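The values are calculated or read from the model by the stated rules, or taken from the named source; none is laboratory data. As the structure is a computational prediction, the values presented were derived from the model and not from experiment. Methodologically, a virtual Cβ is constructed for each residue, glycine included, from the backbone with ideal geometry; neighbour enumeration extends over all protein chains shown. All accessible areas refer to the heavy atoms of the entire protein, side chains included, with ligands and DNA or RNA removed. Shrake-Rupley method; radii C 1.70, N 1.55, O 1.52, S 1.80 Å.
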Amino acid sequence: MFVALTQLWRPRRLALAGAICAHTSFCAAEAMPEPVLEPVLVSASRFAERADTSPPGTLTIDAEQIRQSGAGNVNQAIRGIAGIVGRPNSYGTADYSLDLRGFGPTADQNMVVLLDGVRLSENELSVALLSSIPIETVQRIEIVRGGSSVLYGEGATAGTIQVITKRAQPDGGNRTSGSLVAEAGSFGQLGLRATLARTGQGWSLDAAAGRDESDNYRDNNRLRQENLSGGVQWAGDGRRFGVRLDSADQHYRTAGALTMAQYLANPRSSFTPDDYGATRVNRVVLFGEQRVGALELAAELSQRDKSYSSHSVSPAFGISDYATRSRTTQFSPRLRYLADLSEAGRAGKNGSPKIVNELVAGFDFSQSARHADSTSSLAAGGQRSRAVYARDEIRSGRARLAFGLRRESFDQRSNDPLAFNPDANYDRSQALTAWDLQASVMPLAQATLFAKAGRSYRVANVDENGFTLRPGQMLAPQTSDDLSIGATLGGARQALTATLFQHNLRNEIMYDPTVANPATGGNGANVNLDPTVRRGIELEWRGQLSTALALSANFQHIDAHFREGSNAGREVVLAPRNSAGARVNWQAGAHSARVGVQWVASQRYGSDFDNTCAARMPAYATLDARYAWRMNRWEFALNGANLTDRNYFSQAYSCQGGIYSAPGRQVALSARYDF
């Protein structure tokens, strides 16, 4: 895990600003000397706390940064502001696959995505629907790179992304607020979003609705998406309770993959004119928090219902209709206990700092069931998991030391009455353990050294276990030994964080299109790979050059290869060795502008496991920009993406084939009204 554990101390009024900026990679463009700032909160320990006392390693993107970026959805904000590499999915929706640590085709399964503490990550081969979260309701986005299985369970080897929505304030007065956003742009893009919130005496009610339409860049790739969200909550006297409901409805045409010859002739073309699909998600969450002295209690109970359907036509297989419906229930009670271990609960003798002990412990319960409905499969699969975890951290002055442990058991099953071979059904239980040990120290006022070691894991999901080399064969759990060391140098106005990391993986779970599959008589199956490794360096720099101008930049080098087996020393597919990005933010009065560039190096095609393909997927660079003008409650903006109109692709599943083109130049106008 790559935890940028940063905590800066400055004996002036910049202390809070320095600590906040040191814990994050970006500072607001309007940062000035000796600012008056509200405390920044993060939730990296599964409890809200000030950024200067939180577990280090959290990159925080706040609501104002999201607004300045002009992002229309959470996924776009993460890619544009944090510079994380993303790949368009095969459907044409806004939910790009986000890759934190070079996991390529399984990036989504090696990262946990959460909304207000509830997992959005799927127990199937699909992307978490970040686009279903109303962007105007987001208070902040927290990104932690590296193994996080102790607190968040399976699938957190590359890290976590958590979205925190706005909350009721116990001392807030009666107030009604909201916004209307309309947008129109290239490729038939039309969008309309509306939010409304009412607060009073600790109560908060909110509602949001949005509709987006686009023909998208490719032919036969039209998208229509509708989102609805609403909630009510109450906060006061050290407690908070509420309920939230969310709904997303996506309808899309699927453009399919291209050969290299087809891509070169016309990257926008499609040869699947009759293919389409739909995804519907409904979610309800009950949540509560209670503080009793030094003890905090919290819990979420959630249920998510999802349906998916697809229709495809191919010369080889004819018409294929496939549908699934699933339900996932989660319950996560937990506690945090803070204790001052210094003498008499006060600062030690001679003004020495307090010794604070923070204990976080809890249970995670999850149960999911999925049913398929097609002419060839009526499979009913499910998974139940139960976990207990604890993490203890001691903070004293400029030093931190933390240790965490998690034990999680899984029951997985599948039964298909249409299965040709009854051995294709399975029912198995297993248990896994995760741990981590981390420490940080500040030898100088503007220098923090940090290190972390641990183990993370993930289990194969229902889709992966359903297509293996032998009927009924369940894949072995994937484990990773994680190590990171690094340093942060700088203060409130400029800071550089450098992190060296390594993930030694065993039984990595991935689809291998080259392996002979006796179960189907062809090639391709989900397998446990020979031992692999992800190692590299991450650099993040940000600087406030003036009250109007801010810069940030990032660079990532990843060496992803097989450590053992027949492919020992060869590169893992779809994992670019290098990527970099830079962003400039300017704001003066009512005017603001943002320019960003991202570069991604070449990478291996998705089927090139033995590295024999003569070509590599080409490197590419994209340029984005935004200009906005505010006039009282109105904001008008011009947004541009891939302004150089670069033809490129970042998804390709066979040697110079299986290509999904990335969008060309996109320009959009938007108007926003706040009240």
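Of everything in segment 98-122 that is of a type outside the set (D, E, K, R), open to solvent by 10 Å² or more (accessible area, probe 1.4 Å) and closer than 19 Å to GLN250 by Cβ, the residue that is modelled with the highest pLDDT is LEU115. Here ARG604 fulfils each of the conditions (1) at pLDDT 95 or above; (2) within 25 Å of GLY210 (Cβ to Cβ); (3) open to solvent by 20 Å² or more (accessible area, probe 1.4 Å) apart from (2). Scanning segment 308-336 for residues that are outside any strand (DSSP E or B) and under 23 Å from the mean Cα position of the chain (by Cα), we see that the one that is surrounded by the fewest Cβ atoms within 10 Å (Cβ to Cβ) is PRO333. Total residues in segment 185-194 satisfying the condition of being more than 27 Å from the chain's Cα centre (by Cα) and in a strand (DSSP E or B): the figure is 0. Can you name every residue in segment 195-221 that is touching a residue at least 40 places away in the same chain (Cβ under 8 Å) and in a loop (DSSP other than H, G, I, E, B)? ASN216, TYR217, ARG218, ASP219, ASN220, ASN221, listed by residue number. Answer yes if at least one residue in segment 174-186 is touching a Gly at 6+ places or on another chain (Cβ under 7 Å) and β-branched (Val, Ile, Thr), and no otherwise. No: segment 174-186 contains no residue that is touching a Gly at 6+ places or on another chain (Cβ under 7 Å) and β-branched (Val, Ile, Thr). Scan segment 213-232 for residues that are open to solvent by less than 50 Å² (accessible area, probe 1.4 Å) and either among the basic types (Lys, Arg) or under 25 Å from ALA278 (Cβ atoms) (or both) and the total you get is 12.
Among residues of segment 370-392 being part of a strand (DSSP E or B) and out of contact with any Ser or Thr (no Cβ under 8 Å at 6 or more places or on another chain), the one that is farthest from SER342 (Cα to Cα) is VAL388. Being at pLDDT below 90 and of a type in the set (A, V, I, L, M) is the filter here; which residues of segment 341-371 pass it? Scanning segment 341-371 gives LEU341, ALA344, ALA347. Can you go through LEU489, LEU549, LEU500, LEU529 and tell me which one is in contact with a Gly (Cβ under 7 Å, 6 or more places away or on another chain) and either of a type in the set (A, V, I, L, M) or surrounded by fewer than 18 Cβ atoms within 10 Å (Cβ to Cβ) (or both)? Among LEU489, LEU549, LEU500, LEU529, only LEU500 is in contact with a Gly (Cβ under 7 Å, 6 or more places away or on another chain) and either of a type in the set (A, V, I, L, M) or surrounded by fewer than 18 Cβ atoms within 10 Å (Cβ to Cβ) (or both). Out of curiosity, is ASN89 under 28 Å from ASP215 (Cβ atoms), surrounded by fewer than 23 Cβ atoms within 10 Å (Cβ to Cβ), more than 10 Å from the chain's Cα centre (by Cα) and not hydrophobic (A, V, I, L, M, F, W, C)? Yes, satisfied. In segment 57-82, what residues are assigned to a loop (DSSP other than H, G, I, E, B) and surrounded by fewer than 24 Cβ atoms within 10 Å (Cβ to Cβ)? Within segment 57-82, ALA71, GLY72 meet the criteria. Using the structure shown, decide if THR448 is over 25 Å from the mean Cα position of the chain (by Cα), buried (at least 21 other Cβ atoms within 10 Å of the Cβ) and in a strand (DSSP E or B). Spelling it out, THR448 is indeed over 25 Å from the mean Cα position of the chain (by Cα), buried (at least 21 other Cβ atoms within 10 Å of the Cβ) and in a strand (DSSP E or B). In the set ALA255, ALA158, ALA197, ALA168, only one residue is in contact with a Phe, Trp or Tyr (Cβ under 9 Å, 6 or more places away or on another chain), at pLDDT below 95 and either surrounded by 19 or more Cβ atoms within 10 Å (Cβ to Cβ) or aliphatic (A, V, I, L, M) (or both); that residue is ALA168. All conditions but one from (1) at pLDDT below 95; (2) crowded, with 18+ Cβ neighbours inside 10 Å; (3) small (Gly, Ala, Ser) apply to GLY581; the one that does not is (1).
The requirement of being touching a residue at least 60 places away in the same chain (Cβ under 8 Å) and over 20 Å from ALA44 (Cβ atoms) is satisfied by GLN383.
Residues in segment 293-307 that are at pLDDT 95 or above and either surrounded by 18 or more Cβ atoms within 10 Å (Cβ to Cβ) or over 26 Å from SER121 (Cβ atoms) (or both): 7 in all. The strands (runs of 3 or more DSSP E) found wholly in segment 573-658 and carrying at least 2 residues that are under 24 Å from PRO105 (Cα atoms) occupy 578-588, 591-600, 620-631, 649-654. Taking the conditions exactly as written (in a strand (DSSP E or B) and either closer than 18 Å to ASN73 by Cα or β-branched (Val, Ile, Thr) (or both)), does GLY178 satisfy them or not? Yes; evaluated as a whole, the condition is true for this residue.
For segment 518-561, the set of residues classified as in a loop (DSSP other than H, G, I, E, B) and charged (D, E, K, R) consists of ASP530 only. Within segment 482-507, being touching a residue at least 40 places away in the same chain (Cβ under 8 Å) and in a loop (DSSP other than H, G, I, E, B) holds for GLY491, ALA492, ARG493. Hey, any hits in segment 288-296 for a residue that's under 29 Å from GLU183 (Cβ atoms) and either outside any loop (DSSP other than H, G, I, E, B) or of a type outside the set (D, E, K, R) (or both)? No. Inspection of segment 614-625 finds a residue satisfying the criterion of being open to solvent by less than 30 Å² (accessible area, probe 1.4 Å) and over 26 Å from the mean Cα position of the chain (by Cα). Which of the residues spanning segment 95-126 are outside any strand (DSSP E or B) and acidic (Asp, Glu)? Of everything in segment 95-126, those that are outside any strand (DSSP E or B) and acidic (Asp, Glu) turn out to be ASP95, ASP108, ASP116, GLU122, GLU124. Per the conditions (1) open to solvent by less than 70 Å² (accessible area, probe 1.4 Å); (2) in a loop (DSSP other than H, G, I, E, B); (3) more than 27 Å from THR328 (Cβ to Cβ), the sole criterion not satisfied by ARG470 is (1). Just the residues that are polar (S, T, N, Q) and open to solvent by 50 Å² or more (accessible area, probe 1.4 Å), please, taken from segment 503-525. ASN507, THR514, THR520, ASN523 - these are the residues of segment 503-525 that are polar (S, T, N, Q) and open to solvent by 50 Å² or more (accessible area, probe 1.4 Å).
Take the conditions in contact with a Leu (Cβ under 6 Å, 6 or more places away or on another chain), more than 22 Å from ASN282 (Cα to Cα), assigned to a strand (DSSP E or B) and not acidic (Asp, Glu) and apply them to ILE143. Does it pass? In short, yes. Among the criteria (1) surrounded by 20 or more Cβ atoms within 10 Å (Cβ to Cβ); (2) in a loop (DSSP other than H, G, I, E, B); (3) not charged (D, E, K, R), the one PRO267 does not fulfil is (1).
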